[in-house]
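First up is the structure itself, then whatever we jot down about it.
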Amino acid sequence: MSMSVPDRVRKAHLSIMRHPKFCVYSGVLSCGSVKYTDAIPTACTDGWDVLYNPKFITEYAETDPELRFLVLHEATHKAYRHMATWRGLHEEDSRLANLAADHFVNLSLQDTDSGVGFVKMLRVGVKPDPKYRGWSVKQIFDDLKQNPPDEDGQGDGEGDGMDSHDWEQGAGKDPTEAQAQAEEIQRAIRQGEIIRKKIGKGSGDSAGAFDDLLQPKVDWRTVLREFVTETCAGRDESTWRKLNRRFMDEGICMPSMIGTTITELVVGFDTSGSCFNGADMARFVAEITRIIEDIRPNKCRVIYWDTKVVGEQVFEDGQFAVQNLKPKGGGGTDGSVLFDYLRENRINPNAIVQFTDGEVGDWGRSDWPTLWAITSNIRSPYGVTINIKE
């Protein structure tokens, strides 16, 4: 008697958890819920929960390796928090964002499998381009913009490929819930890495499926520049308050475009102990100075903190330089104080960049896009992390 779809999925989970490489997904698979519905045509994730259409699995994931590939595909989206991290790409071009994320995921699964055959791509879905190996989702997205793919239906998010991505649900969560989920996924990744080292036949020093999450290899300067530029750069927006005169003579009402600029960037400095001193700090300040000079925000607010906010400086119109900084501090460390300070004083920046050694105690809760520039190998439980120690 054939197994039911839920039983097949549970079997796939168990096989993955016992595999010497893919067992790194063990914790991620336990995050969120798995549901079955015919309300979607294929499979879907919002970055936490996963939905499967049983008929799709029966027709397109007939073999165990194909089903394992599908399960791991959704789990990889969750692990890398694609629905939250790349929300801006979705808003810019949903189809290309879906394609870019799927190229990234499918190449990652192929590389981890290394031709062994534990997983096998389905006959539907995005066939990954090998040239994107080692690229970030953003880099793939930019390349797809420059070299538009054929309108073949793959990755358009409407279910005619292998899966769809619920960007709206992923972005619409309560900030507290979203942060809790991000922290749980990060813990799950680390738990999975511990499991991999235990059952991976002693190969504790070999690269795992999430090696780039635990030890990112992308140059931190590139990540820092992309983060600040994407979250803070000026852009054009449409407004109906002023109609576009080009179309009025034809009796058509269209909005006009207005230019918007960043109002405020917050740069937080952990000034506890020796964190503020050293070559790492000099490299970081030099790089962010160049970025701020390029973007020229209306206001850059520099905040120094240890167990409380101990100092603040405000620079306007891109005027930010290391020689003008006046750090204060030297006490203990509490990573939550900057965010509490912003809320208490009703400061609402476009983005936050935090410089620290990562020994922050309480990471706090951020209501804004946040990048952590950390001088150790510690990763923050939310936001974007760059490890700037060289």
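The values are calculated or read from the model by the stated rules, or taken from the named source; none is laboratory data. Please read all numbers here as calculations on a predicted model, not as lab measurements. Glycine also receives a Cβ, built like all others from the backbone with ideal geometry; neighbour counts cover every protein chain displayed.
Annotations
- Per-region count, the range 179-208, residues at pLDDT below 65 and either in contact with a strand residue (DSSP E or B) (Cβ under 6 Å, 6 or more places away or on another chain) or within 17 Å of THR112 (Cβ to Cβ) (or both): 8
- Residue match in the range 99-116 (condition: farther than 16 Å from VAL137 by Cβ, within 17 Å of the chain's Cα centre (by Cα) and modelled with pLDDT under 95): no
- Looking only at the range 364-384, and only at residues there that are of a type in the set (Phe, Trp, Tyr) and part of a loop (DSSP other than H, G, I, E, B), the one that is nearest to the chain's Cα centre (by Cα): TYR382
- Selection from the range 297-346 of residues that are among the polar types (S, T, N, Q) and either in contact with a Ser or Thr (Cβ under 6 Å, 6 or more places away or on another chain) or within 24 Å of SER380 (Cα to Cα) (or both): ASN298, THR307, THR333, SER336
- Single unsatisfied condition, GLY153 versus (1) assigned to a loop (DSSP other than H, G, I, E, B); (2) at pLDDT 75 or above: (2)
- Residues in the range 319-363 that are in a helix (DSSP H, G or I) and without any contact (Cβ under 8 Å) to a residue 12 or more places away in the chain were compared, and the one that is surrounded by the most Cβ atoms within 10 Å (Cβ to Cβ) is ASN324.
- On the stretch given as the range 105-123, residues that are small (Gly, Ala, Ser), outside any helix (DSSP H, G or I) and buried (at least 20 other Cβ atoms within 10 Å of the Cβ) total 0.
- Screening the candidates ASP49, ASP38, ASP7 for the property of being of a type in the set (Asp, Glu) and surrounded by 14 or more Cβ atoms within 10 Å (Cβ to Cβ) yields one hit, ASP49.
- The criterion of being under 22 Å from ILE388 (Cα atoms) and at pLDDT 75 or above holds for VAL302.
- Flag if VAL116 is closer than 21 Å to SER26 by Cβ and touching a helix residue (DSSP H, G or I) at 6+ places or on another chain (Cβ under 6 Å): no
- Failed criterion for LEU325 (all others in (1) modelled with pLDDT of 90 or more; (2) closer than 25 Å to TRP220 by Cα hold): (1)
- Of the residues making up the range 160-174, those that are at pLDDT below 75 and either surrounded by fewer than 17 Cβ atoms within 10 Å (Cβ to Cβ) or part of a helix (DSSP H, G or I) (or both) are ASP160, GLY170, ALA171, GLY172, ASP174.
- In the condition set (1) of a type outside the set (A, V, I, L, M); (2) closer than 30 Å to VAL223 by Cβ; (3) buried (at least 20 other Cβ atoms within 10 Å of the Cβ); (4) out of contact with any Cys (no Cβ under 9 Å at 6 or more places or on another chain), HIS19 is compliant with all but (2).
- Against the numbered list (1) surrounded by fewer than 17 Cβ atoms within 10 Å (Cβ to Cβ); (2) at pLDDT 80 or above, GLY273 comes up short only at (2).
- Filtered residues of the range 33-73 (kept if free of Cβ contacts under 8 Å to residues at least 60 places away in the same chain and assigned to a loop (DSSP other than H, G, I, E, B)): SER33, THR37, ASP38, ALA39, ASP49, ASN53, GLU62, THR63
- When ALA61, ALA79, ALA84 are screened for being modelled with pLDDT under 95 and surrounded by fewer than 23 Cβ atoms within 10 Å (Cβ to Cβ), only ALA84 passes.
- Test: residue in the range 50-71 that is assigned by TED's automatic domain parsing to the domain that holds ARG18 and within 16 Å of the chain's Cα centre (by Cα): no
- The residue pairs whose first member lies in the range 84-112 and is under 27 Å from ASP174 (Cα atoms), whose second member is acidic (Asp, Glu) and outside any helix (DSSP H, G or I), and whose beta carbons are closer than 7 Å, counting only pairs six or more residues apart or on different chains, are ARG95/ASP156; ASN98/ASP156.
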